[in-house]
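As C-alpha coordinates, the structure follows; a few thoughts come after it.
The values are calculated or read from the model by the stated rules, or taken from the named source; none is laboratory data. If you're wondering where the values come from, they're calculated on a predicted model, not measured in any experiment. No Cβ is skipped: glycine too gets one built from the backbone with ideal geometry, and neighbour counts run over all protein chains shown.
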Amino acid sequence: MQDHKYFYKRNLPHYQPTEGTYFITYRLHGSIPKSQVELLKQEYLSNKDKSKMNDEQIWKMHGEYFKKFDSILDTNRNEPYWLKIPGILKIVSDSLHFNAGKQYNLWCFSIMPNPVHILISLSENSLPLYSILQKHKRFTAREANKILNRLGNFWHKESYDHLVRNPII
(Lines give C-alpha, C1' and ligand atoms only; values in the text may rest on other atoms or scores of the structure.)
Protein backbone atom coordinates (compact mmCIF):
# COMPACT_ATOMS: atom_id res chain seq x y z
CA MET A 1 0.00 0.00 0.00
CA GLN A 2 1.33 3.42 -0.90
CA ASP A 3 1.33 6.37 1.49
CA HIS A 4 -1.26 8.92 0.53
CA LYS A 5 -3.68 11.45 1.87
CA TYR A 6 -7.01 9.98 3.01
CA PHE A 7 -8.60 13.41 3.17
CA TYR A 8 -7.89 16.56 1.23
CA LYS A 9 -9.85 19.57 0.09
CA ARG A 10 -9.89 21.73 -2.99
CA ASN A 11 -13.32 23.21 -3.64
CA LEU A 12 -14.92 19.97 -2.46
CA PRO A 13 -13.83 17.72 0.39
CA HIS A 14 -12.36 14.37 -0.70
CA TYR A 15 -12.23 11.34 1.60
CA GLN A 16 -10.37 8.54 -0.18
CA PRO A 17 -9.38 5.58 1.98
CA THR A 18 -7.55 2.71 0.28
CA GLU A 19 -9.54 -0.20 -1.12
CA GLY A 20 -12.78 1.80 -1.12
CA THR A 21 -15.63 1.70 -3.61
CA TYR A 22 -16.32 5.07 -5.22
CA PHE A 23 -18.93 6.73 -7.36
CA ILE A 24 -17.08 9.41 -9.33
CA THR A 25 -18.29 12.13 -11.67
CA TYR A 26 -15.96 14.31 -13.70
CA ARG A 27 -16.76 16.80 -16.40
CA LEU A 28 -15.29 18.84 -19.21
CA HIS A 29 -13.48 22.09 -18.47
CA GLY A 30 -15.78 25.10 -18.71
CA SER A 31 -18.94 23.03 -18.74
CA ILE A 32 -20.55 24.97 -15.90
CA PRO A 33 -20.21 28.76 -16.00
CA LYS A 34 -18.16 30.13 -13.10
CA SER A 35 -21.05 32.32 -12.01
CA GLN A 36 -23.26 29.26 -11.48
CA VAL A 37 -20.50 27.41 -9.66
CA GLU A 38 -20.04 30.38 -7.32
CA LEU A 39 -23.79 30.59 -6.63
CA LEU A 40 -23.94 26.89 -5.78
CA LYS A 41 -20.85 27.15 -3.62
CA GLN A 42 -22.24 30.13 -1.68
CA GLU A 43 -25.58 28.35 -1.20
CA TYR A 44 -23.77 25.22 0.01
CA LEU A 45 -21.60 27.17 2.46
CA SER A 46 -24.53 29.19 3.82
CA ASN A 47 -26.59 26.04 4.37
CA LYS A 48 -23.63 24.33 5.97
CA ASP A 49 -23.14 27.20 8.43
CA LYS A 50 -26.82 27.63 9.38
CA SER A 51 -26.90 24.92 12.00
CA LYS A 52 -25.13 21.93 13.40
CA MET A 53 -26.22 18.98 11.33
CA ASN A 54 -26.20 15.30 12.04
CA ASP A 55 -24.71 12.79 9.58
CA GLU A 56 -28.05 12.17 7.86
CA GLN A 57 -28.59 15.89 7.26
CA ILE A 58 -25.06 16.30 5.93
CA TRP A 59 -25.56 13.31 3.63
CA LYS A 60 -28.80 14.85 2.33
CA MET A 61 -27.15 18.25 1.81
CA HIS A 62 -24.29 16.69 -0.20
CA GLY A 63 -26.83 14.81 -2.30
CA GLU A 64 -28.79 17.98 -3.05
CA TYR A 65 -25.58 19.82 -3.94
CA PHE A 66 -24.63 17.06 -6.38
CA LYS A 67 -28.14 17.00 -7.92
CA LYS A 68 -27.95 20.74 -8.60
CA PHE A 69 -24.59 20.38 -10.38
CA ASP A 70 -25.90 17.43 -12.35
CA SER A 71 -29.04 19.36 -13.31
CA ILE A 72 -26.94 22.26 -14.62
CA LEU A 73 -24.91 19.82 -16.72
CA ASP A 74 -28.11 18.28 -18.10
CA THR A 75 -29.73 21.61 -19.01
CA ASN A 76 -26.73 23.62 -20.18
CA ARG A 77 -26.91 23.65 -23.99
CA ASN A 78 -24.04 26.00 -24.83
CA GLU A 79 -21.02 24.20 -23.48
CA PRO A 80 -18.61 21.66 -25.01
CA TYR A 81 -19.95 18.17 -25.68
CA TRP A 82 -16.72 16.62 -26.91
CA LEU A 83 -17.44 13.23 -25.35
CA LYS A 84 -20.10 12.52 -27.99
CA ILE A 85 -17.34 12.43 -30.64
CA PRO A 86 -16.81 8.69 -31.26
CA GLY A 87 -13.00 8.84 -31.21
CA ILE A 88 -12.94 10.75 -27.92
CA LEU A 89 -15.57 8.51 -26.38
CA LYS A 90 -13.41 5.49 -27.31
CA ILE A 91 -10.28 7.06 -25.78
CA VAL A 92 -12.07 7.62 -22.46
CA SER A 93 -13.67 4.15 -22.47
CA ASP A 94 -10.42 2.38 -23.38
CA SER A 95 -8.54 4.30 -20.70
CA LEU A 96 -11.07 3.25 -18.05
CA HIS A 97 -10.71 -0.37 -19.12
CA PHE A 98 -6.90 -0.19 -19.25
CA ASN A 99 -6.37 -0.34 -15.47
CA ALA A 100 -9.52 -2.31 -14.68
CA GLY A 101 -8.45 -5.50 -12.95
CA LYS A 102 -5.06 -3.97 -12.10
CA GLN A 103 -5.69 -0.80 -10.10
CA TYR A 104 -9.45 -1.17 -9.62
CA ASN A 105 -12.56 -3.16 -10.37
CA LEU A 106 -14.64 -1.21 -12.87
CA TRP A 107 -18.24 -2.01 -12.00
CA CYS A 108 -19.92 0.31 -14.47
CA PHE A 109 -19.53 3.65 -16.21
CA SER A 110 -21.50 6.11 -18.28
CA ILE A 111 -19.85 8.49 -20.71
CA MET A 112 -22.31 11.25 -21.51
CA PRO A 113 -21.70 14.14 -23.95
CA ASN A 114 -20.14 16.12 -21.10
CA PRO A 115 -19.78 14.31 -17.78
CA VAL A 116 -18.47 10.83 -17.06
CA HIS A 117 -19.82 8.70 -14.20
CA ILE A 118 -17.91 5.66 -12.94
CA LEU A 119 -18.27 3.14 -10.13
CA ILE A 120 -15.00 1.51 -9.13
CA SER A 121 -13.50 -0.38 -6.20
CA LEU A 122 -9.80 0.13 -5.62
CA SER A 123 -7.68 -3.00 -5.60
CA GLU A 124 -5.35 -3.97 -2.79
CA ASN A 125 -2.07 -2.05 -3.15
CA SER A 126 -3.47 0.18 -5.89
CA LEU A 127 -2.43 3.76 -6.40
CA PRO A 128 -4.48 6.31 -4.47
CA LEU A 129 -7.72 7.27 -6.20
CA TYR A 130 -6.54 10.82 -6.90
CA SER A 131 -3.44 9.44 -8.69
CA ILE A 132 -5.52 7.03 -10.78
CA LEU A 133 -7.86 9.83 -11.83
CA GLN A 134 -4.98 12.24 -12.48
CA LYS A 135 -3.25 9.77 -14.83
CA HIS A 136 -6.51 8.87 -16.59
CA LYS A 137 -7.52 12.49 -17.09
CA ARG A 138 -4.03 13.56 -18.23
CA PHE A 139 -3.83 10.79 -20.84
CA THR A 140 -7.38 11.23 -22.16
CA ALA A 141 -7.03 15.02 -22.29
CA ARG A 142 -3.84 14.81 -24.33
CA GLU A 143 -5.34 12.29 -26.77
CA ALA A 144 -8.68 14.09 -27.07
CA ASN A 145 -6.98 17.43 -27.70
CA LYS A 146 -5.08 15.79 -30.58
CA ILE A 147 -8.39 14.80 -32.17
CA LEU A 148 -9.80 18.29 -31.58
CA ASN A 149 -6.58 19.91 -32.83
CA ARG A 150 -6.47 22.15 -29.77
CA LEU A 151 -4.40 22.91 -26.70
CA GLY A 152 -5.55 23.70 -23.21
CA ASN A 153 -7.60 22.25 -20.43
CA PHE A 154 -9.91 19.42 -21.41
CA TRP A 155 -11.22 18.24 -18.03
CA HIS A 156 -12.36 20.31 -15.09
CA LYS A 157 -9.58 20.00 -12.50
CA GLU A 158 -11.73 18.58 -9.74
CA SER A 159 -13.88 15.48 -9.74
CA TYR A 160 -16.82 14.65 -7.51
CA ASP A 161 -16.01 11.43 -5.67
CA HIS A 162 -18.25 9.73 -3.19
CA LEU A 163 -17.17 6.81 -1.03
CA VAL A 164 -19.79 4.07 -1.17
CA ARG A 165 -20.04 3.17 2.48
CA ASN A 166 -21.94 -0.13 2.25
CA PRO A 167 -21.39 -1.57 -1.22
CA ILE A 168 -23.79 -4.34 -2.15
CA ILE A 169 -21.47 -5.48 -4.91
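Worth a mention:
- Considering the range 134-160, and only residues there that are outside any loop (DSSP other than H, G, I, E, B) and among the charged types (D, E, K, R), the residue that is nearest to Thr25 (Cα to Cα) turns out to be Lys137.
- Only one entry of Glu43, Glu38 meets the criterion of being at pLDDT 70 or above, of a type in the set (Asp, Glu) and either in contact with an Asp or Glu (Cβ under 6 Å, 6 or more places away or on another chain) or surrounded by 13 or more Cβ atoms within 10 Å (Cβ to Cβ) (or both), and that entry is Glu43.
- Which numbered condition Ile91 misses (of (1) surrounded by 15 or more Cβ atoms within 10 Å (Cβ to Cβ); (2) free of Cβ contacts under 8 Å to residues at least 40 places away in the same chain): (2)
- With respect to (1) among the aliphatic types (A, V, I, L, M); (2) modelled with pLDDT under 75; (3) surrounded by 11 or more Cβ atoms within 10 Å (Cβ to Cβ), the lone exception for Met1 is condition (3).
- Applying the condition of being among the small types (Gly, Ala, Ser) and touching a residue at least 12 places away in the same chain (Cβ under 8 Å) to the range 20-48 and asking which residue is farthest from Pro115 (Cα to Cα) yields Gly20.
- The single condition among (1) out of contact with any helix residue (DSSP H, G or I) (no Cβ under 8 Å at 6 or more places or on another chain); (2) farther than 26 Å from Lys34 by Cβ that Glu143 does not meet is (1).
- Of residues in the range 107-133 being aliphatic (A, V, I, L, M) and part of a loop (DSSP other than H, G, I, E, B), the one surrounded by the fewest Cβ atoms within 10 Å (Cβ to Cβ): Met112
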